[in-house]
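The values are calculated or read from the model by the stated rules, or taken from the named source; none is laboratory data. Given the structure is predicted, the values throughout are model-derived calculations rather than measurements. For neighbour counting, all protein chains shown are included, and Cβ atoms are generated from backbone atoms with ideal geometry for every residue, glycine included.
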């Protein structure tokens, strides 16, 4: 579904925003057409970047963020396919999306008030999704190397550089 999209827009609110930004950056590194779509900015003009046939990946721990639920509805009205990734099995974001991945989060724990489990869980799911997309996409290793002129990854791995 995501590979067939014209472009992939990734969004999240709160701390999940940074996880979504990273996911979009990883996909761009793979030379795929991906960008981060800020949910509030989308409602004030940036929604025009979402077109028929695009895919929109919405990441949310709770699935209750009103701005993401509204973004899902607006993107579907623009004939984009919406995939929601949440850590809660029942929430409004799931109801507003075409496809969902919901992996219930184990308890946060009582030893910290920092919401690390949600961020780490969503980052792992995002990385797994990026790996799956990379495995299915026809990614040109030379194009990736060209996009990393200051990087050493490809030299170390014995690839094109």
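Taking residue 25 and the conditions (1) out of contact with any helix residue (DSSP H, G or I) (no Cβ under 9 Å at 6 or more places or on another chain); (2) part of a helix (DSSP H, G or I); (3) in contact (Cβ under 8 Å) with a residue 12 or more places away in the chain, which numbered condition does it fall short on, given that it satisfies the others?
The single condition residue 25 does not satisfy is (3).
Going through 133, 125 one at a time, which residue ends up being part of a helix (DSSP H, G or I), touching a helix residue (DSSP H, G or I) at 6+ places or on another chain (Cβ under 8 Å) and either surrounded by 12 or more Cβ atoms within 10 Å (Cβ to Cβ) or at pLDDT 85 or above (or both)?
Step by step, each of 133, 125 is checked, and only 133 is part of a helix (DSSP H, G or I), touching a helix residue (DSSP H, G or I) at 6+ places or on another chain (Cβ under 8 Å) and either surrounded by 12 or more Cβ atoms within 10 Å (Cβ to Cβ) or at pLDDT 85 or above (or both).
Which of the following residues is touching a helix residue (DSSP H, G or I) at 6+ places or on another chain (Cβ under 9 Å), over 25 Å from residue 138 (Cα atoms), at pLDDT 95 or above and surrounded by 16 or more Cβ atoms within 10 Å (Cβ to Cβ): 58, 71, 105, 37?
Numbers: 58 fails: over 25 Å from residue 138 (Cα atoms); 105 fails: at pLDDT 95 or above; 37 fails: over 25 Å from residue 138 (Cα atoms).
Matching residue, one of 58, 71, 105, 37: 71.
Quick check on the range 74-94: of everything there that is assigned to a loop (DSSP other than H, G, I, E, B) and at negative phi, which residue is modelled with the lowest pLDDT?
My answer is 89.
Whether any residue in the range 47-55 is more than 19 Å from residue 77 (Cα to Cα) and more than 13 Å from the chain's Cα centre (by Cα) is what I want to check.
The first filter runs over the range 47-55 and keeps only residues more than 19 Å from residue 77 (Cα to Cα), leaving none.
No, the conditions are met nowhere in the range 47-55.
Could you tell me whether residue 160 is at pLDDT below 85, surrounded by 12 or more Cβ atoms within 10 Å (Cβ to Cβ), part of a loop (DSSP other than H, G, I, E, B) and over 20 Å from the mean Cα position of the chain (by Cα)?
Against the criterion (at pLDDT below 85, surrounded by 12 or more Cβ atoms within 10 Å (Cβ to Cβ), part of a loop (DSSP other than H, G, I, E, B) and over 20 Å from the mean Cα position of the chain (by Cα)), residue 160 qualifies.
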